[in-house]
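Everything below concerns the one structure shown next.
We did not get these values from a lab; they are worked out from the coordinates using the rules stated. In this text the structure is predicted, and so the values were computed from the model without any measurement. FYI the Cβ positions are ideal-geometry reconstructions off the backbone, even for glycines, and counts take in every protein chain you see.
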Amino acid sequence: MKRLNISLTTTGSLQKAIEEIESYKNSIKTKAEIFIDRLLDLGIEVAKSSSGEYTGLIAYTSMKFVDEFDCIGILIAKDRAKIISEWFKGGQLVSAEVSPILMAEFGSGWFAEVLFAVEGVGQGTFPGQIHAFDENGWSWTTPNGVRHHSMGTKPTHPMHNASIALINNVMTIATEVFGNG
C-alpha cells in the first residue's frame, strides 16, 4: 500500500484518504482470489505432469471458498475410474480394485515409497499381497493367458510434488499479485 499524505488543514484531504483506504481494502479481496487461483492452477499443472503412467486416470480439480474474511483453496485429486486387476491364483481367477491416485502417489511392491506416514499405503499393503517384500518381485498370469513379472510400481508423487511447487512459489506469486509494498 502506498503512503497516504493527509493534510489536516486541507478540506477533503481526510475524505480522500478514507476513499483510498476503502479502495485498497476492496482490492485486497480481489487480489486474494487471484493469488489463490494462481496457486491452484500451479498445483494442478504440477500434479498432472507428475501422474506418470496414470495420466488420464486421475482428475485434478480445485475448490475455492470466499467470504468476507477468508479465501481458501483446496487442490483435489480423484480417480476417474478404478483399475480392476485380474490374475489366476491357485487355478482360480481373482481380482482387486486399484486406485490410480494411490498408485501414482505411493507406488506398490518393492518400489513403494512412503514419504510420510499414511496408514494403509506403501509396501505390503495391497489387499491379499504375499510378494511385496520379495526382492525378486512376483509373476502372475492374466485371464487371457499372458504371463507378467513385476517388482512393483514406482510412485510419481503428483500431490506431493504439487505441494512442494506451491511451497517453493508462494512468495513469488504473492509478490506478483500483491506487489512489494
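Below are the figures for this structure:
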| item | result |
| --- | --- |
| Charge tally in the Cβ shell below 15 Å around S139, where Lys, Arg are +1 and Asp, Glu are -1, S139 excluded | -1 |
| Cα-Cα separations in the range 83-157 greater than 14 Å, expressed as whole percent | 61 |
| Formal net charge of residues neighbouring M159 (Cβ-Cβ distance under 12 Å; K, R +1; D, E -1) | +1 |
| Extension gain from T175 to T141, taking 0.36 nm per residue of separation minus the Cα-Cα distance | 6.7 nm |
| Relative exposure of M103, M159, M151, judged by other C-beta atoms within 10 Å (fewest first) | M151, M159, M103 |
| In nm, spacing of pseudo-spin labels at M151 and F111 (7 Å Cα→C-beta vector) | 0.9 |
| Whole-Å semi-axes of the chain's equivalent ellipsoid (Cα gyration tensor) | 54, 14, 11 |
| Amide H partners (placed H, <5 Å) of I58, local residues excluded | R80 |
| Percentage of interatomic Cα-Cα distances in the range 1-105 larger than 24 Å | 56 |
| Radius 15 Å from Cβ of P100, net charge of other residues (Lys, Arg +1; Asp, Glu -1) | +1 |
| Lys, Arg +1 and Asp, Glu -1 on Cβ, resulting dipole of the chain about Cα centre, debye, nearest 20 | 260 |
| The range 35-109: trypsin sites (Lys or Arg not before Pro) in DSSP coil with no more than 11 other Cβ atoms inside 10 Å | R80 |
